[in-house]
Every structure is written in C-alpha cells, then in structure tokens.
1. Does Leu87 meet the test of being under 31 Å from the mean Cα position of the chain (by Cα), surrounded by fewer than 17 Cβ atoms within 10 Å (Cβ to Cβ) and either outside any helix (DSSP H, G or I) or of a type in the set (A, V, I, L, M) (or both)?
2. Any idea which of Pro297, Pro315 is open to solvent by less than 70 Å² (accessible area, probe 1.4 Å) and out of contact with any Pro (no Cβ under 6 Å at 6 or more places or on another chain)?
3. Restricted to the stretch 178-187, and to residues that are outside any loop (DSSP other than H, G, I, E, B) and at pLDDT below 95, which residue is surrounded by the fewest Cβ atoms within 10 Å (Cβ to Cβ)?
4. Taking the residues in the stretch 188-227 that are among the polar types (S, T, N, Q) and part of a strand (DSSP E or B) as candidates, determine which candidate is least open to solvent (accessible area, probe 1.4 Å).
5. Do we find a residue being within 39 Å of the chain's Cα centre (by Cα), closer than 24 Å to Gly111 by Cα, among the polar types (S, T, N, Q) and at pLDDT below 95 anywhere in the stretch 48-58?
6. State the number of residues belonging to the stretch 50-75 that are loosely packed, with under 13 Cβ neighbours inside 10 Å and assigned to a loop (DSSP other than H, G, I, E, B).
7. Just one of the numbered conditions (1) open to solvent by less than 40 Å² (accessible area, probe 1.4 Å); (2) within 28 Å of the chain's Cα centre (by Cα); (3) at pLDDT 80 or above is not true of Met249; which one?
8. Within the set of pairs 6+ apart or on separate chains, which have a first residue in the stretch 89-117 that is among the hydrophobic types (A, V, I, L, M, F, W, C), a second that is part of a helix (DSSP H, G or I) and modelled with pLDDT under 80, and C-beta atoms under 7 Å apart?
Amino acid sequence: MPKSPRQKLKLLCLQKIMLEKSDEEHPLTIQEIKEHLAAYDVKAERKSLYEDLELLRSFGLDICRVRSSTMGYYVGSRDFQIPELKLLVDAIQSSKFITTKKSLELIRKLGGLVSENQSSQLRRQVYVTNRAKTLNEKIYYNVDSLHAAISADRQISFTYFRWEVDFDSPERIRKAARHGGRPYVVSPWALCWDDENYYLIAYDSGAEMIKHYRVDKMEHIEQLEAARDGAELFEDFNPAQYSKAVFAMFGGEAQDVKLSVDNDMIGVIVDRFGTDVLILRETEKSFTITLHVITSPQFFAWVFGMGGKVRILSPKSAVDCFYNNIRQFISGN
C-alpha cells in the first residue's frame, strides 16, 4: 500500500513533538509519541519509531533515554538552557527601550526554544513592573533603518520629538516636534545602548560636531543619496568611551576634569569609567583622577550624589559651574 502524503512528514513531525513536548522531567513513551503523531494524522509502528529516533539522534538532535516503569525519550541539550533563557527574559523585562507589547512577544518567542513545560517557567517570570517602558513601537524598525544607512555609508534625515505636558488632552502628555518639525540631516556612525536607552551617534555637518539622538524619539527616518561626513572623527572612535564621558547622554562641554576621590569610592569610579584610568595618591584617604567628561548637569548631579566623597578640583570653569548648579538648586531658579 502506498504511503499517504502525511507519512512523508513523519520525521519532521517527530522532531517537532520531541522538541515541544519532551524534556528531562517530561520524557515521552513510545505510546505517547504515537498519540502525538496521530494528532498530525501520521501513523507509526513501534519498531519504526525506534529507527526514527535513532535517525534524529544521528542528525544531531540530543535524544536521550530514561527508564522508570517504562522507557521514555526526551531532548537533552538544546541551543539554550533554561537558566540562560531566564537571564534573557530578565534583560528584556528590565530594558526600558523595549515596549511592553514587544517584551511579551520576545519572551513568547524565547519560550519556543525549549519544551512547552519549560516554556511555562519563562511565562511565570513575566510580571508587570513599574519601570518606564518606551511608547514607540517603531524603535525596532528605526534600529534596522539606521544599521542599513551605516552599512551603505549614507546620510539620513529624520524628525525628532520630545514629550510635553498638555492638560487639555485626556492623556495630559503629547508629542511635540523639535526643530520646528523640520528634518534633521546627519551622518550616522554608531548605535549605542546607554542608561537603558538606544542612541544614534552621528556627525552633524552644519554644527561640525558629534551629536547623539534617542532612537525611540526619531521618526520618518530616510536614507539619503549623500555619502556620510565626519569619517576622520570616527577613525578611532570608541562608542563605549563616548558613553562613559557623556552622563545619561546629555550634551555639554567636553573637558578634562580633575577629581579628588575618597579611597572607598574606587568601586564607584571603576563601575562608571572602568579600570583603564590613572589614579594618583593625594592623601592617605584619597586619590586624584583626571577624566575626559561632558560637564552636563547630569555630571554635576553625579558628583553631588557622592555626598562629598568626590570633589572637583579643576578646571576652575567646571568648579564654578558646579557651585552655580547647587545655588540654582537651592534658590529654585
């Protein structure tokens, strides 16, 4: 008797069943495998299933056997183990730039990399947090468009927006276009993930300087015919070093700032700037360090937040600016 068309799919169906239904804690008996195949309208004899499982094993699928009251079969090692996937789930949940909708979608897809029983462990990890999530669902397409422009060595245009209070609207918040709604035109060079946000690092030919933009606040990105500018500035450009210098990616003047730091704050310095920094003894209880940073309000807030354990020594302009920020904070002006 000729085989039905469904029989030709038996090995594929068997592989799908073993990947989705079995794991170390949930081995399948031959009878259970036959029942799962029947759901796909595929018939199988016990002897042929032994041969099919061996074929899958020789193909590279880690088919394991375990004996209890009967013989069971399951998929052992996989591309990702549960602890690794839980780590990825945690990263997705805590990433502010990933929307809640996309977070749930990505976690669901990760669940497809393990058995259905193991996938339920990942779903139980999903919870609603108070962390702010981006509202821009287009960020994933933005990232793809920016990578394409970088690879093509082309400039881009885009519109940029900010959030504003609007008590006349039900949401009390609205998007407002920056730059009068006119497109920005820049040369994209790198994408950087800093302070839980995606940023585009680009060269602005008009201002003749490197700038950065929040990717989730970019809209209507278009790749232009013009080739990128600013190549000489990016020959030895290090995005990681750039993000260290720019606190919370706010703009400001780039300066070499000398700090006096209490010895017990060395961990804070390493966490922020890494170990590739030169520290010099100042006293028995402190050291000095010179850092190239953007002296933005966020940098001064970081220094202030150290509770007097980090002090700005020079340049004088940075010291004066720091005290001006404190006076403005106290006066409320």
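The values are calculated or read from the model by the stated rules, or taken from the named source; none is laboratory data. Since this is a predicted model, take the numbers as computed values, not measurements. Methodologically, a virtual Cβ is constructed for each residue, glycine included, from the backbone with ideal geometry; neighbour enumeration extends over all protein chains shown. Quick note on the areas: whole protein, heavy atoms, side chains included, nothing else; ligands and nucleic acids left out. Shrake-Rupley method; radii C 1.70, N 1.55, O 1.52, S 1.80 Å.
1. Judged against the criteria, Leu87 is a match.
2. Values: Pro297 fails: open to solvent by less than 70 Å² (accessible area, probe 1.4 Å).
Just one listed residue meets the conditions, Pro315.
3. Of the residues in the stretch 178-187, the ones outside any loop (DSSP other than H, G, I, E, B) are 179-181, 184-187.
From the residues that got through so far, the ones that are at pLDDT below 95 too are 179-181.
Numbers: His179: 10, Gly180: 5, Gly181: 10.
Residue satisfying both the conditions and the ranking: Gly180.
4. Checking each candidate, the answer is Asn197.
5. no
6. Summing the residues that are loosely packed, with under 13 Cβ neighbours inside 10 Å and assigned to a loop (DSSP other than H, G, I, E, B) in the stretch 50-75 gives 5.
7. (3)
8. Short answer, once both residue conditions are applied: Val89/Leu122; Val89/Gln125; Phe97/Ile139; Ile107/Leu122; Leu110/Leu122.
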